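So the structure is just underneath, and the comments pick up after that.
Only the coordinates and a few stated rules stand behind these numbers; no lab work does. Fair warning: this is a prediction, and the values are worked out from it, not measured in the lab. Virtual Cβ from ideal backbone geometry, glycine too; neighbours counted across all protein chains shown.
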Amino acid sequence: MAARSKDEEELRKLSIEMRYLEQTADTLQQRIGMMNAAITDLTYASMTLEGLEQEKENAEMLVPIGGSSYVKAKLTESDKVVVGIGAGVSAEKTVAEAKAVFKERLEELQKTMGSAQQQFAQVADRINSGRNRLETLLTSVREGKAPGNV
C-alpha cells in the first residue's frame, strides 16, 4: 500500500514536470522559428546588397513595400544604404559596412539558434524518458504493484 501511494506521488510530480517540459519545448520551438525568420530576412538583405553593387546610379528598380507589392524607384546612390542598428534607430553605411553588419548578425543568430536547438534536443530527450517512466508508473498504479516488480 505504501509503495502504491509513493508511486502515485511520483506520478503526480512527473506529470507536472512533463507539462513544464512540454511548455519549455514549445517556447524553444517558437524561438527557433523566429530565429529562422530573422536568418532568412538577413540572407535576403545580403543578397539584395550583392545585387545592388552591380547596379549603376539612376537604375530603375522595384522596391518591395510589403504584401507582395512593389513600387518603382530610381537608385540615386548605389554605394550607401540605411541599416537598422536597433531600438528603431538607423544609420547610413557603405555597402561593405552593411554587408559586414549583416554577416556578423547572421553568425550571432546561427550561434544562438544552434544553442536553442541543442536545448530543445535535451528537453525532447527528457520528455521521452519521462513519458516512458510515466507509462511504467501508470501500469504499476493500475495493477497495484511496485515499479520494481513490473
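Ranking Q119, A87, L11 by how far each Cα lies toward the positive end of the dipole of the chain (charges on Cβ) leaves L11 at the top.
Taken over region 3-150, the ratio of Cα radius of gyration to 2.2 N^0.38 Å equals 1.78.
For the pair E143 and Q23, label points projected 7 Å from Cα toward Cβ lie 3.4 nm apart. The C-alpha radius of gyration of region 1-61, expressed as a fraction of 2.2 N^0.38 Å, stands at 2.48.
What does a probe at D41 reach in region 73-94, counting residues whose amide N is under 14 Å from the point 7 Å along Cα→Cβ? Under cut-off, by backbone N: 83-90.
As a test of the formula, what do you get for the chain when each DSSP H run with n ≥ 4 contributes -39,500 (n - 2.57) and the sum is divided by the residue count, at 222 nm and rounded to the nearest 500 deg cm²/dmol? Before the final figure, lay out the partial values.
Working: 2 runs with 102 residues, N = 150.
Using -39500 (n - 2.57) per qualifying helix, the result is -25500 deg cm²/dmol.
Here L75, L42 are placed in order of increasing Cβ neighbour count within 10 Å, fewest first, which gives L75, L42. Please give the helix 2-54 orientation as an angle from the longest Cα principal axis of the chain, in degrees from 0 to 90, rounded to the nearest 10. Approximately 10 degrees, to the nearest ten. Comparing A38, A96, A59 in a Gaussian network model of the chain (Cα springs below 10 Å), the most mobile by mean-square fluctuation is A59.
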